[in-house]
Amino acid sequence: MGLNVFFDVDYTILAVDGSLRPRTRETFERLVNDGHNLFIWSGVGLRKWEVKKHDLESFVTGIYQKPIQDFVAGLEEMKVPLWPDFVIDDYPEIVDVFGGILVSPYFFKSDSDDQMDRIYNIITEFAETGESGRVGYRAATATRPAGG
């Protein structure tokens with residue numbers, strides 16, 4: 001079963017200068033080919049321009065504004081129509097609520113950054129087993145509402 005995977009933008013897939021984290025496009029392609037739905041969200045609004053600029057449109061199912069507090073109630077407030085099965089973010093609080101991967105912030109362009117390979121491996125393990133023992137994985141503390 002495919003997961004609804006939500007990727008943050010700033011310092012998760014984009015550096016301060018707007019450069020894309022290495023292997024993001026390849027990782028998105030692999031995840032979509034594995035049957036997952038990818039979403040982009042950001043606490044500073046809709047990031048359609050960045051998705052288009054980095055040619056990620058064909059991999060992304062939806063783009064939303066991310067709640068930055070009271071995350072569960074914020075889904076409705078931000079008009080996010082589905083529950084995130086898995087979140088990738090550099091902000092620990094939202095990862096703790098929905099579960100997913102806390103990534104090292106990507107502040108500056110670095111060709112040696114290997115976070116996307118790690119992200120792919122953790123998502124794959126989680127999709128198969130419902131958990132992961134790998135560094136960075138955090139289990140959800142919130143419970144999906146019935147029908148959510």
Inset, instruction - Select from segment 47-67 the residues that are closer than 20 Å to F98 by Cα, of a type in the set (A, V, I, L, M, F, W, C) and open to solvent by 30 Å² or more (accessible area, probe 1.4 Å) and list them in ascending order. - result: I63
Inset, instruction - Hey, can you tell me all the residues within segment 137-148 that are over 20 Å from T24 (Cβ atoms) and not in a loop (DSSP other than H, G, I, E, B)? - result: R138
Legend entry - Filter result (among the small types (G, A, S), touching a strand residue (DSSP E or B) at 6+ places or on another chain (Cβ under 8 Å) and either touching a residue at least 60 places away in the same chain (Cβ under 8 Å) or assigned to a helix (DSSP H, G or I) (or both)) within segment 97-136: G100
Inset, instruction - Tell me which of these F28 doesn't satisfy, since it passes every other one: (1) in a loop (DSSP other than H, G, I, E, B); (2) at negative phi; (3) open to solvent by less than 40 Å² (accessible area, probe 1.4 Å). - result: (1)
Inset, instruction - Give segment 99-115 a look and list any residue that's within 11 Å of the chain's Cα centre (by Cα) and either of a type in the set (D, E, K, R) or buried (at least 23 other Cβ atoms within 10 Å of the Cβ) (or both), or say none. - result: G100, I101, V103
Inset, instruction - Report, by residue number, each residue of segment 116-148 that is open to solvent by 90 Å² or more (accessible area, probe 1.4 Å), among the basic types (K, R) and more than 18 Å from G2 (Cα to Cα). - result: R134
Legend entry - Among (1) open to solvent by 10 Å² or more (accessible area, probe 1.4 Å); (2) not in a helix (DSSP H, G or I) - the single one L38 does not satisfy: (1)
Inset, instruction - Give me a count of the residues in segment 68-89 that are out of contact with any strand residue (DSSP E or B) (no Cβ under 6 Å at 6 or more places or on another chain), open to solvent by 40 Å² or more (accessible area, probe 1.4 Å) and either among the hydroxyl-bearing types (S, T, Y) or assigned to a loop (DSSP other than H, G, I, E, B) (or both). - result: 5
Inset, instruction - Would you check which residues across segment 1-13 are open to solvent by 10 Å² or more (accessible area, probe 1.4 Å) and in a strand (DSSP E or B) and list them? - result: N4, D10
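The values are calculated or read from the model by the stated rules, or taken from the named source; none is laboratory data. From a predicted model like this one, the values you see are computed outputs, not experimental measurements. Cβ atoms come from the backbone with ideal geometry, glycine included; neighbour counts cover every protein chain shown. Side chains included, ligands, DNA and RNA excluded: accessible areas come from the protein's heavy atoms. Shrake-Rupley method; radii C 1.70, N 1.55, O 1.52, S 1.80 Å.
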